[in-house]
Amino acid sequence: MHVDPLEKRWLYVVGGIVAFTIAVQVYYAAAKGIHPPSNVQTIDSAKLHLSKEFAENNLGVHKNTDGSLDVTMVAARYGFYPQEIEVPIDTPVRLRIASLDVLHGLLVPYSNLNLMVVPGYISEANTTFTKLGEFPMICNEYCGIGHDYMYARVRVVPKNN
Amino acid sequence: MNRSITLVGVAALIAMSTSSFANEHGASKARADAPSTEVAWTPETLALIRSGNAQKGSQLANEQMCASCHGHAGIAQSNNWPSLAGQRAEYTYKMLQDYKNGSRNTYPLMTVLAKPMSDQDMADIAAFYASFKLPPVPVGTVIDKALADKAELLVMKGDGNRLLAPCMSCHGYKGEGNVVDVPAMAGQTPEYFIRTMQDYKTGKRSNDVYSRMRLMAHSLSDQEIIELANYYANLTQ
């Protein structure tokens, strides 16, 4: 089969771009622990506030007996609730979040937290915050005209605090 | 003649509500762990509200004497009460349910009135008020344009530092409300607007799911609330 040399060169270039893109994703998945949400528990978003886990007085940071933390949150237009969470540094955190209305996202810089929050599902992720300070938790899925105002704060504090 | 019947009725209702207030007050402590509202926007609830019959709602509103405070066409008689004309049916329905279930306790008379209503009655009344246009600038209200203009930045841009999303992102550019139960505020009486925001701020009113409005009101200064009240009263369609 005859392939024009110019065409061949472009095939290599395009093939290279595809291979590079996949390699970047594999690197981040394997080395940085960034995964798409794998937990597919379902929940009725319309009745979220009437459920046990996402009831209004159950949101926030809960401490487990082994010292790890469970964080329960809700994403709703246009905010994350609670609006501010405080977690100690170098402590395993399991985040569980559900949406009250439409598709939202959740991203915390300097961590592996980057989730889609799909209505009808509970999104779960495990992380450990390794940098002290205050970080924004931002919505990265367009959810409506208030989308760019949708964020919360994560305060990472010293361990003995 | 008609007027005197109304007056007697209102006086009786106020007397009933005063006695019920004592009961509600005792129950409010037990409610601390209860959800902010029992209403959930399931397909069944939404279908029920869509099935609301405005004509039946008009009759019910007559029987319940809604007009004595909220006006014959849903435009409040006095600046102390909310106008309901053009309000989203979902919002009116939710408020009636919240009064009935005790999720909203801001005005005991409304609890007394909502108690005997069926879900269908509430859907009908909600449909009746939703059938009107949003109210014009409330009669007898002098809008302070300078104050209203000051609110525009908050309405359109919000304040990121205080985690305040712009008002219009939920309540609409023209204060017309939004799906599902975000209330319309255009033409609302300023006194009622201010009282509502103060009730959210102090937590006296707590039927907003996940404290969404309470958190907003808490971040607003008293002056900003007055500015917003002037802005929305003047936002005639």
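Computed from the coordinates by the stated procedures, all read-outs in this text should not be read as laboratory data. Values in this document were obtained by computation on a predicted structure and should not be read as measured data. Positions of Cβ are backbone-derived with ideal geometry, glycine not excepted, and every protein chain shown enters the neighbour counts.
Worth pointing out:
- Selected from B:A146, B:N178, B:A126, residue furthest toward positive end of dipole (the stretch B:120-183; charges at beta carbon): B:A146
- With a Förster radius of 30 Å applied to the beta-carbon distance between A:R155 and B:D222, the computed FRET efficiency rounds to 0.60.
- About its Cα centre, the stretch A:41-157 has a charge dipole of approximately 40 debye under the convention of +1 per Lys or Arg Cβ and -1 per Asp or Glu Cβ, with nothing else charged.
- Calculation over all alpha carbon pairs of the protein assembly as shown in 10 angstrom steps from 0 returns a P(r) of 4, 19, 27, 22, 13, 8, 4, 2, 1, 0, 0 percent.
- Straight-line reach from B:K145: taking Cα to Cα under 20 Å and skipping same-chain neighbours fewer than 8 places apart, the lysines in range are B:K157, B:K174.
- Burial ordering of B:D208, A:D4, fewest other beta-carbon atoms within 10 Å first: A:D4, B:D208
- Crossing angle, helix B:222-233 versus chain B [Cα axis fit, 0-90 degrees, rounded to tens]: 70
- Estimated dipole of chain B in Debye, rounded to 20 [Cβ of Lys and Arg +1, of Asp and Glu -1, Cα centre]: 120
- For B:L113, B:L48, the sequence from fewest to most other C-beta atoms within 10 Å is B:L48, B:L113.
- Rounded tilt (10° steps) of A:5-31 against the dominant C-alpha axis of chain A: 20
- Divided by 2.2 N^0.38 Å, where N counts the residues, the Cα radius of gyration of the stretch B:49-162 comes to 1.21.
- Footprinting exposure proxy for A:H104, A:H35, B:H171 (fewest neighbouring C-beta atoms within 10 Å first): A:H35, B:H171, A:H104
- Only the Cβ atoms of Lys and Arg (+1) and of Asp and Glu (-1) were treated as charged; on that basis the dipole of the protein assembly as shown about its Cα centre amounts to roughly 220 debye.
- Calculated [θ] (222 nm, deg cm²/dmol) that DSSP helices of n ≥ 4 give over chain B, each run adding -39,500 (n - 2.57): -16500 deg cm²/dmol
- Partners for A:K52 among lysines (Cα-Cα distance below 22 Å; same-chain residues under 8 apart left out): A:K63, B:K29, B:K94
- Mean shadow area of chain B over all directions, Cα convex hull, nm²: 13.0
- Using distinct alpha-carbon pairs, which all enter the 1/r mean, Kirkwood radius of chain A in Å: 17.5
- Length-normalised contact order of the stretch B:43-130 in % [C-alpha pairs under 8 Å, at least 6 apart]: 45
- Helix B:119-130 axis versus longest C-alpha principal axis of chain B: approximately 50°, rounded to the nearest ten.
- Spin-label proximity, B:E152 to the stretch B:223-237 - amide N less than 18 Å from point 7 Å beyond Cα toward beta carbon: B:224-237
- Sparse-neighbourhood loop sites, chymotrypsin sites (Phe, Trp or Tyr not before Pro) in the stretch B:136-237 - DSSP loop, at most 16 other Cβ within 10 angstrom: B:Y173
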